[in-house]
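Below: one structure, written as structure tokens.
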Amino acid sequence: MPATSNPNFFQEYWLDVWQRSILTLDVLRERGNTYMERRDSPTPHVLSFKFELVCDGRALPRPVNYMLVQIVPPAGTATDESKPPFVVVDPRAGHGPGIGGMKQDSEIGVALAAGHACYFIGFLPQPMPDQTIEDVCIAEASFIEQVAARHPKAEGKPVIVANCQAGWQIMMMAAIRPEIVGPILLAGSPLSYWQGVHGHNPMRYLGGTLGGTWLTTLSGDLGNGIFDGANLVSNFESLNPANTYWEKAYHLYSNVDTEAHRFLDFETWWGSPVLLNAKEMQWIADNLFVGNKLTSGEIHTSDGVRVDLRNIKSPIIVLCSWGDNITPPQQALGWITDLYATDDEIVADGQTIVYTLHQTIGHLGIFVSGKVATKEHAEFAACMEMINLMPPGLYEAVITEVPEDAANPQLIHGKYLFRLEARTLDHIRALGGNDDADTKRFATVARLSEINHGLYSTLVQPAVKAMTTEQSAEMMRQMHPSRLRFAMFSDKNPMMQPVKGLAEAVRADRKPVAADNPLLSMEKMTSTWITTWWDSYRSARDAMTETMFLALYGSPVMQAMVGMANGSLEHRRIERDLQHEASEARMRADLEKRFDVGGLPEAVIRSIIWIRLPQESVDERGYAMLMAVREMQPVNRRLTLGELRTTLRDQYLLLRLDEERAVAAIPRLLPDNEQARQAALGAVRRVVEASGALSEESVRRLARIEKLFGMPTHA
């Protein structure tokens, strides 16, 4: 044993162990009591902001258990009515609502700080009878329309921030009703469920290891038509057994004097599983988890309308992370290559897509971490109008600390510089993904799932339904480990009765052990060993799961058994849409007539875009200067943000269609007034130089623009 100068180190350590144990039990007791209170509450949530009810989804023509509330800005927070409102939508994926506004440094908090009115879409624990995913989408569309109607002065449609599961749901709604939504920020949202790389993210193999979605049906039947969200919570927890079974509890125990508040805040949300209708969960499992049908355009509404994500014309922003083991970057971004085969298709479709890749944050941290909120979410909130003005294409958002020698630092909001860099589909492909063999394996799982589900429905389901009652279903829910481990430490358990008094006595005479105590060092070493053991188990389990999945569903025999032996199955991409193609053809024909159409604003914007094209990036300084173009109208009225966005898009498309023709036409857009031309040229210079020194090619282009602006209009 290591030497120590304190002869009483043994007694001090064991006294500390006793005290920490009592205090930890008391924290668990508080957690259990909170669980019991929330279990009996009709509207449990973890929002830390005051709010006012706007619409109760239960009163809609197709009732759902969702609600729209308006967040009341804290004292001293100003709201700019000209800015579009933000709508934060929480995931209904096992847990309760409120994580998007659980603390001040949150998605709601940074949106309020940026001057936006803010709304929140949450839900109740119990679903409405027979509500469906389509009903929820219809309700969310109604909510967004109501938000827009409440802000007639806003220069833009509502911005939607959708977390995790809410992401694909909002994307479905926006594909059906694209005219009502503004920019959509997807935080940790899976849209391409089959995507991934070998050796990582084994959750995508779950459907195959379970033999398809028949177990989802069984769970719903045992729940008497209700699927328990606690099962989804258990799936999440199984991904990191070291944290679930050791690290989280030990972190509380080892830091119980300082960690209790943070632990209880998070566990309040984590320990409140909600319920779904069995049909809702079955739809999700069949169409998304195993079917992967959203990005391939195989989902239709009850009216027969195809849910085509290409219908969305508002900017789509994706926030994902390499540290996310639930929604890895491939699942968060794979939908882009599912929808588009070439970069030109993105532009022709008029779609602006922005993504950013965090290096380390985990799944929950994407929408609950204070550091992510004050950096990524805050920058997106502050620069959302800039994103909304970007021409169609694919961009990566790069957020860095402001360098000391930054040009025009007065144009930068906060301590981070927000920059958008042009990207191509090859950048998305470089993240990794399935090859044709992997795609065929997952398609085999989907086919096997249909077979197993049919066998279950025919042979087993009638008996299960016959023996299930509401009482047995409720008992099973209350005995679920994800609930029982909370309830068993509450005051309802007689064995916990002495804990509160003991904890008060301990706090009155707390004697924490010295940091250099050798037994404490041994304790930490033991904890590290336990964590390492669990991590080794997880690695072995995941490797075995992947090996079994690849071998079983890659087997020619298995593929033949489900009717997929003939030929290869290429990467699924959404099929051609003649209506889309006809619309694109009309747009190209219209552009052909617009090279000489416009005036001073069109000339200025065309010039700015052309000069900046070689830079392949734009940052918030250029955007701040671009706003000056709206004010500089010697001969024209001030452009609204909507008109500015349309003008930016049209001028960018003209340059892509025929760059030389578009540039040569600039003098014909200029007024005869030399003073107006010179003022406009000054605005061009300020915008293109706002972000610092130009490249050699951009300098050459600026020189040409200066000559063009000096030419008489008849030249």
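Per-residue counts of other Cβ atoms within 10 Å, averaged by peptide: what ranking do you get for 11-20, 406-415, 89-98, 460-469, highest first? Provide the component values of the computation, followed by the final result.
On the way: 11-20: 16.3, 406-415: 14.0, 89-98: 25.0, 460-469: 12.2.
Taking the mean over residues of other Cβ atoms within 10 Å, the ranking is 89-98, 11-20, 406-415, 460-469.
Would you tally the net charge around L411, using a Cβ to Cβ cut-off of less than 11 Å, leaving L411 out, and scoring K and R as +1, D and E as -1?
On the way: positive: R621, R686; negative: D619, E620.
My count for the surroundings of L411 gives 0.
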**Request:** Could you do me a favour and compute the accessible area per residue for region 393-444, 1.4 Å probe, result in Å²?
**Result:** 48 Å²
**Prompt:** Once the Cα atoms of helix 133-149 and of the chain are each reduced to a long axis, what angle between those two axes, in degrees from 0 to 90 to the nearest 10, is obtained?
**Reply:** 50 degrees
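State the volume of the convex hull built on the alpha-carbon positions of region 368-463, expressed per residue in Å³ and rounded to an integer.
Numbers: hull volume 20.0 nm³, N = 96.
In region 368-463, the Cα hull volume divided by residue count equals 209 Å³.
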**Item:** Cut-off 13 Å between beta-carbons: net charge of the residues surrounding G554, Lys and Arg +1, Asp and Glu -1
**Value:** -2
**Request:** Take every DSSP beta bridge whose two residues both sit in the chain, then give the antiparallel share in percent to the nearest 5.
**Result:** 50 percent
**Message:** If I model a spin label at Q104 and W246 as a point 7 Å from the Cα along the Cα→Cβ vector, what separation in nanometres do I get?
**Reply:** 3.7 nm
**Prompt:** What does the accessible area of R441 come to, in Å² to the nearest 10, when a probe of 1.4 Å is used?
**Reply:** 50 Å²
**Complete:** Computed over the chain: longest principal axis from alpha-carbon atoms vs helix 256-270 long axis, angle to nearest 10 degrees, is 70 degrees
**Request:** Count the net charge of all other residues whose Cβ sits under 14 Å from the Cβ of D542, scoring Lys and Arg as +1 and Asp and Glu as -1.
**Result:** +1
**Prompt:** In the structure displayed, which of K313/K415; K83/K103; K279/K313; K279/K492 lie more than 25 Å apart, Cα to Cα?
**Reply:** K313/K415; K279/K313; K279/K492
**Message:** What are the ³J(HN,Hα) couplings of region 521-533, residue after residue, when phi is run through the Karplus curve with 6.51, -1.76, 1.60 and θ = phi - 60°? Round to Hz, x for glycine and proline.
**Reply:** 4, 5, 4, 5, 5, 5, 4, 4, 5, 5, 4, 4, 5
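Assuming 0.36 nm per residue, please report the length gained on full extension of the stretch T209 to K50 beyond their Cα-Cα distance.
Numbers: separation 159, 0.36 × 159 = 57.24 nm, distance 4.42 nm.
Gain in length upon complete extension: 52.8 nm.
Using +1 on the beta carbon of Lys and Arg, -1 on that of Asp and Glu, and nothing else charged, what's the dipole of region 1-157 about the Cα centre, debye to 20? The partial results should precede the final answer.
Working: 14 positive and 19 negative charges, 16 e Å.
The dipole magnitude comes to about 80 debye.
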**Request:** Select from V54, L218, F263 the residue farthest towards the positive end of the dipole of the chain; place +1 on Cβ of Lys and Arg, -1 on Cβ of Asp and Glu, and compute about the Cα centre.
**Result:** V54
**Request:** At 7 Å along the Cα-to-beta-carbon direction for both V72 and A585, put a label point, then send me their distance in nm to one decimal.
**Result:** 5.8 nm
**Request:** Using only the alpha-carbon atoms of the chain, report the extent along each of the three principal axes, biggest first, to the nearest angstrom.
**Result:** 93, 69, 52
**Message:** Can you compute the label reach from E697? Point 7 Å from Cα along the Cβ direction, backbone N cut-off under 18 Å, restricted to region 329-367.
**Reply:** 343-344
**Request:** Kindly provide the helix-only [θ] at 222 nm of the chain, computed as the sum of -39,500 (n - 2.57) over DSSP H runs of four or more divided by all residues, to the nearest 500 deg cm²/dmol?
**Result:** -15000 deg cm²/dmol
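Given +1 on the Cβ of Lys and Arg, -1 on the Cβ of Asp and Glu, and no further charges, what dipole in debye does region 439-595 carry about its Cα centre, rounded to the nearest 20?
Details: 22 positive and 18 negative charges, 26 e Å.
I would put it at about 120 debye.
Give me the percent of accessible area attributable to carbon and sulfur for region 382-440, probe 1.4 angstrom. Numbers along the way, then the final one.
Working: 1240 of 2620 Å².
C and S fraction of accessible area: 47 percent.
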**Request:** Using only Cα atoms, find the angle between the long axis of helix 674-689 and the longest principal axis of the chain, and express it within 0 to 90 degrees, rounded to the nearest 10.
**Result:** 30 degrees
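Find the relative contact order for the chain and round it to a whole percent, using C-alpha pairs within less than 8 Å whose residues are 6+ positions apart. Let's see the in-between values first.
Values: 1199 pairs, mean separation 118.5, N = 715.
Relative contact order for the chain comes out at 17 percent.
Take the alpha-carbon positions of region 181-220, form their convex hull, and give its projected area averaged over all directions (one quarter of the hull surface) in nm².
On the way: hull surface 19.2 nm².
Here the figure is 4.8 nm², rounded to one decimal.
FRET efficiency for D426 and V17, Cβ-Cβ distance as r, R0 = 41 Å, nearest 0.05?
So, using R0 = 41 Å, E works out to roughly 0.15.
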**Fill in**
If unit charges are put on Cβ atoms (+1 for Lys and Arg, -1 for Asp and Glu) and the dipole of the chain is taken about its Cα centre, the option from C118, N292, L669 lying farthest towards the positive end turns out to be C118
**Fill in**
Burial-style ranking of 503-511, 152-160, average other-beta-carbon count within 10 Å with highest first, yields 152-160, 503-511
**Request:** Go through T79, L15, P91 and say which Cα lies farthest out towards the positive end of the charge dipole of region 1-105; charges sit on Cβ, +1 for Lys and Arg, -1 for Asp and Glu.
**Result:** P91
**Prompt:** What is the gain in length, in nm to one decimal, between L218 and R661 on full extension, counting 0.36 nm per residue of separation less the C-alpha to C-alpha distance?
**Reply:** 153.0 nm
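Once the Cα gyration tensor of region 449-549 is diagonalised, what are the square roots of 5 times its eigenvalues, in whole Å and ordered largest first, as equivalent ellipsoid semi-axes?
On the way: eigenvalues 395, 169, 7 Å².
Ellipsoid half-lengths, sorted descending, are 44, 29, 6 Å.
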**Request:** Report, in debye and to the nearest 20, how large the dipole of the chain comes out about its Cα centre when Lys and Arg carry +1 and Asp and Glu carry -1 on their Cβ.
**Result:** 460 debye
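Relative contact order of region 367-506, please, whole-number percent, based on alpha carbon pairs below 8 angstrom and at least 6 residues apart. Please list the in-between numbers first.
On the way: 51 pairs, mean separation 21.0, N = 140.
Taking the mean separation of contacting Cα pairs over the length of region 367-506, I get 15 percent.
Quick one: length gained pulling N235 to V460 fully straight, 0.36 nm per residue minus the C-alpha distance? Could the numbers behind the result be given before it?
Working: separation 225, 0.36 × 225 = 81.00 nm, distance 2.44 nm.
This chain segment gains 78.6 nm when fully extended.
Relative contact order for region 304-374: what is it in percent, counting Cα pairs under 8 Å that are at least 6 residues apart?
On the way: 79 pairs, mean separation 32.0, N = 71.
Relative CO of region 304-374 lands at 45 percent.
The values are calculated or read from the model by the stated rules, or taken from the named source; none is laboratory data. Everything numeric here is computed off the predicted structure, so don't read it as measured data. Positions of Cβ are backbone-derived with ideal geometry, glycine not excepted, and every protein chain shown enters the neighbour counts. Areas reflect the complete protein model, heavy atoms only, side chains present, ligands, DNA and RNA absent. Shrake-Rupley method; radii C 1.70, N 1.55, O 1.52, S 1.80 Å.
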